[in-house]
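Below you'll find the structure, written out as structure tokens, and then a few comments.
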């Protein structure tokens with residue numbers, strides 16, 4: 001997309017990013033907060049996500065009954081999500097709706113209500129969301145594996161929170177968390193689309209300029225200690241299908257090992273790109289990838305995938321496989337471990353390196369095909385790393401060497417520092 | 001013959017000598033191209049004793065051709081970072097490919113081979129059968145999937161092609177052999193049943209020329225079509241429970257059969273469904289079940305008019321303790337819609353939303369390709385994107401309320417799957 005990007009910081013500390021893209025009469029507005037589930041303390045897990053839900057329920061100047069339709073009038077879509085490092089809200093609509101979108105985000109930052117009845121009503125909605133995801137054995141296993149892979153770092157708890165915390169959290173817990181973190185100096189507003197940069201900056205100043213900065217939110221500094229020895233989880237529940245997870249500690253986005261590890265992931269399971277909003281919705285090119293050949297082509301698994309996600313602190317390289325009906329998990333695990341052992345012992349080939357880079361180059365194009373996706377990427381990287389990392393990603397991928405990939409394979413794919421998860425269906429099938 | 005529309009999407013439609021339809025749209029937003037090739041070879045064409053043959057064909061189609069092995073195709077795709085997938089819906093098998101524009105011709109060639117000359121290697125058939133069987137077993141442990149499969153079987157009984165499981169059954173898949181896939185391909189794949197849509201950073205002339213090179217020499221007689229039976233009218237309410245006591249949440253599917261896509265009431269139904277279960281966060285259903293009562297994370301409805309009467313379905317996921325209350329709430333909203341209809345303000349809001357969202361929905365290559373493919377399948381015209389706003393705008397309050405009166409809670413099919421028993 002032809003574009004130019006402008007970055008400005010208002011007096012109250014709000015970062016504003018504007019990118020003009022004149023391909024359709026649309027604008028996408030994103031508002032990002034540097035707060036996610038890693039910032040939660042014990043007893044309040046899930047508070048970031050619950051706060052996100054509450055911030056769709058009306059404000060001082062947007063009455064509850066006027067929330068519905070406020071963006072739809074401009075043909076727009078809206079959404080929001082919370083993850084381990086960040087919380088974000090978005091609207092994409094016709095450019096005529098730009099002021100309305102900015103107004104909504106300014107209201108969301110400063111004037112949400114937290115009506116006690118709404119808080120109670122949302123408690124059951126979120127518990128329903130949690131239980132809906134726990135219906136999926138693969139999601140349930142992932143939650144348990146991540147919890148086992150960390151001893152102290154708050155990445156260990158699920159973004160949606162533990163059920164017991166969701167049952168006991170109060171309206172005041174939610175409101176205090178909101179007030180502490182939803183301040184302009186903890187936020188980034190992104191506008192991408194068929195807009196004029198100077199005009200956008202004036203409008204942003206009008207909508208957000210009067211919101212006072214707050215005390216700098218508390219930052220997590222805890223470092224996960226080194227893992228000594230493999231950890232294993234076996235979730236045995238009634239079901240039809242067996243699942244395997246292998247979790248390896250992985251580099252953070254700011255670590256120089258991140259991009260070599262991204263290339264390694266492409267070689268093992270196919271390139272996914274680096275856009276959480278769009279990339280993982282399209283299957284990666286993986287038919288010649290090592291783990292696909294080792295598991296799926298050998299009829300041990302019906303599917304295999306992995307994710308290396310750009311995160312602020314070191315997260316996990318999580319490999320997932322669905323056992324083929326009638327295949328023992330032990331056989332899937334052995335084959336996966338052997339394939340990973342091969343790459344650790346022998347390294348990768350030059351051809352694999354070229355292929356992985358080609359894949360990532362293509363994915364970076366595919367994942368930036370809309371103003372919404374572009375807006376996501378700018379805000380995401382500004383929040384969890386820096387814009388420089390995002391802008392430089394194509395060069396950093398191109399510069400990765402075979403030796404670097406071999407080195408990260410040895411450094412991170414260690415069986416004595418991994419967590420293995422089995423989901424064993426107790427009716428006997430597949431186990 | 002070439003037809004060109006010069007406003008809106010401004011797509012070009014070209015019919016080759018062998019009757020293959022080529023639709024192209026130059027969209028230079030990013031240096032990428034999306035290719036969708038649809039063949040009228042969906043699951044409705046499965047024989048009753050070989051349910052799932054279309055789906056299994058889609059899984060094996062791109063795993064080897066007369067000219068390339070499965071590994072060679074894998075390398076060709078992976079070397080360039082290309083996404084290639086084959087899927088089958090009720091009517092159409094679709095080969096979808098997204099590639100960089102520099103790889104367009106090479107990838108269209110692969111897509112063409114896959115469609116015209118699949119080899120169906122015996123080993124690949126065996127591997128993909130295993131995958132499909134695993135997927136069927138996963139569905140059996142998935143309350144949302146079980147609710148939908150059972151609801152469709154209820155709305156479309158007696159082996160109606162819309163009521164059969166598209167993936168097939170453990171029994172049917174176990175019986176399907178390579179020769180069945182070869183026979184299915186031979187019977188259903190032909191130029192006259194094929195539409196190739198090409199959207200992206202490639203000039204229309206280049207796209208058509210490439211398509212002509214790939215598909216132009218394909219010679220095969222036209223394939224016959226089948227006539228689908230109309231689904232039976234629902235005379236009474238049906239309620240079914242699929243107990244899945246190992247789960248924590250229940251999924252409810254609640255539906256009716258409605259109208260065909262060519263019915264003039266299509267846009268009235270679309271607007272009525274938008275108000276019922278989509279506008280905002282799940283329309284009236286979301287307002288009641290999620291926002292006011294806090295019962296569910298999701299509550300929404302969908303409307304899918306098709307070649308024969310398609311379904312309107314409400315879906316909700318709730319804790320088992322709230323199943324009865326959620327069903328009563330759906331009943332209440334359906335009854336209210338049927339008896340009181342929509343308000344003029346509500347209709348205006350839904351029109352404004354659906355019309356206003358067209359540019360957003362047609363922003364990406366993939367979305368445009370899907371839109372053009374659907375317009376071609378239902379004969380909506382190359383200018384459908386231009387006419388769509390006026391088609392929606394012309395719907396009156398009487399039109400939507402007449403559509404709403406067709407919804408009768410006493411004739412609904414209701415399925416609950418999850419940790420719930422009566």
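Springs between alpha-carbon pairs under 10 angstrom, Gaussian network model over chain A: which of A:394, A:284, A:225 fluctuates most?
In the Gaussian network model the winner is A:225.
Compute the Cα gyration tensor for the range B:224-361, then decide on rounded, prolate or oblate, letting a ≥ b ≥ c be the square roots of its eigenvalues: rounded whenever a/c is under 1.5, prolate when a/b is larger than b/c in the other cases, and oblate in all that remain.
Oblate, since a/c reaches 1.5 and b/c is not below a/b.
What average number of partner chain Cβ atoms lie no more than 10 Å from the Cβ of the residues making up A:294-306?
Per residue, the number of nearby Cβ atoms from other chains is 3 on average.
Taking only DSSP H segments of four or more residues, each worth -39500 (n - 2.57), what value at 222 nm results for chain B once the sum is divided by all its residues, to the nearest 500 deg cm²/dmol?
Helices in chain B give a 222 nm mean residue ellipticity of -13000 deg cm²/dmol.
Relative contact order (percent) for chain A, with alpha-carbon contacts under 8 angstrom and 6 or more residues of separation? Don't skip to the answer; put the middle values down first.
Working: 858 pairs, mean separation 97.8, N = 431.
It comes to 23 percent, rounded to a whole number.
Once the convex hull of the C-alpha atoms of the range B:283-422 is built, how many Å³ does it hold per residue, rounded to a whole number?
Details: hull volume 20.9 nm³, N = 140.
Considering the Cα atoms of the range B:283-422, their hull volume per residue is 149 Å³.
What average count of beta carbons from other chains do you get within 10 Å of the Cβ of residues in B:15-25? Kindly include the intermediate steps, with their values, before the conclusion.
Numbers: counts 0, 0, 0, 0, 0, 0, 0, 0, 0, 0, 0.
That average works out to 0.
Among B:17-26, A:337-346, A:264-273, what's the highest-first ranking by average C-beta atoms within 10 angstrom per residue? The partial results should precede the final answer.
Values: B:17-26: 20.4, A:337-346: 15.1, A:264-273: 26.2.
So the order, starting with the most tightly packed, is A:264-273, B:17-26, A:337-346.
In terms of the Cα gyration tensor, with a ≥ b ≥ c the square roots of its eigenvalues, is the protein assembly as shown rounded because a/c is under 1.5, prolate because a/b exceeds b/c, or oblate?
Rounded, because the longest to shortest axis ratio a/c is under 1.5.
Place the peptides A:160-169, A:405-414, A:297-306 in order of packing, highest mean first, counting for every residue the other Cβ atoms within 10 Å and averaging per peptide.
A:297-306, A:405-414, A:160-169
What's the exposure ranking of A:422, B:218, going from fewest to most Cβ atoms within 10 Å? Please list the in-between numbers first.
Numbers: A:422 22, B:218 18.
Result, fewest neighbours first: B:218, A:422.
Over chain B, with a single point scatterer placed on each C-alpha, what log10 of the ratio I(q)/I(0) does the Debye formula yield at q = 0.08, 0.11, 0.12, 0.14 1/Å?
-0.49, -0.93, -1.10, -1.36
Could you state the angle between the C-alpha long axis of helix A:197-208 and the longest principal axis of the C-alpha atoms of chain A, as a value from 0 to 90 degrees rounded to the nearest 10?
Tilt of helix A:197-208: around 80 degrees.
What percent does the relative contact order of the range B:27-85 come to when contacts are Cα pairs within less than 8 Å and at least six residues apart?
15 percent
Helix A:387-399 against the longest principal axis of chain A: what's the angle in degrees, Cα atoms only, rounded to the nearest 10?
With both axes taken from Cα atoms, the answer is about 30 degrees.
Over all distinct alpha-carbon pairs, what is the Kirkwood Rh of the range A:4-208 in angstrom?
Over the range A:4-208, the inverse of the mean reciprocal pair distance is 18.0 Å.
Please average, across the residues of B:133-146, the number of beta carbons from any other chain that are within 10 Å of each residue's own beta carbon, and give a whole number.
Partner Cβ neighbours, averaged per residue: 5.
Compute the angle between helix A:329-346 and the longest alpha-carbon principal axis of chain A, please, reported from 0 to 90 degrees and rounded to the nearest 10.
Compared with the principal axis, the helix lies near 90 degrees.
Please express the Cα-Cα pair-distance distribution P(r) of chain A as a list of whole percents, one per 20 Å bin, running from 0 to the bin with the greatest distance.
Reading upward from the zero bin: 25, 55, 20, 0.
Could you order the peptides B:335-342, B:285-292, A:143-150 from most to least packed, using the average number of other C-beta atoms within 10 Å per residue?
The packing order, highest mean first, is B:285-292, A:143-150, B:335-342.
Just how far, in whole angstrom, is the range A:372-431 from the range A:136-163 if you go by their alpha carbon centroids?
Comparing the Cα centres of the range A:136-163 and the range A:372-431, I get a distance of 17 Å.
Given the alpha-carbon gyration tensor of the range B:273-326, what are the semi-axes of its equivalent ellipsoid in whole angstrom, ordered largest first, with each equal to the square root of 5 times an eigenvalue?
22, 13, 6
Cut-off is 10 Å between beta-carbons; in what order do B:85, B:70, B:134 appear when sorted fewest neighbours first?
If I rank by nearby Cβ atoms, fewest first, I get B:85, B:70, B:134.
With a cut-off of 8 Å between alpha carbons and a minimum separation of six or more residues, what is the relative contact order of the range A:231-425 in percent? Walk me through the numbers before you get to the answer.
Values: 331 pairs, mean separation 79.4, N = 195.
Here the relative contact order equals 41 percent.
Would you mind getting me the FRET efficiency between residue B:213 and residue A:60? Use the beta-carbon distance for r and R0 = 56 Å, nearest 0.05. Write down the numbers at each step before the final one.
Working: r = 63 Å, r/R0 = 1.13.
Using R0 = 56 Å, I get an efficiency of 0.35.
According to the Kirkwood expression over distinct Cα-Cα pairs, how big is the hydrodynamic radius of the range B:2-215, in Å?
By the Kirkwood definition, the hydrodynamic radius is 18.2 Å.
Just the number: Rg to Rh for the range B:71-118, Cα atoms, Kirkwood Rh, two decimals.
0.98
No lab work stands behind these numbers, since they all come straight from the coordinates. What you see is a predicted model, and the numbers here were worked out from it, not measured in a lab. Heads up, the Cβs are rebuilt from the backbone with ideal geometry, glycines too, and the neighbour counts pull from every protein chain shown.
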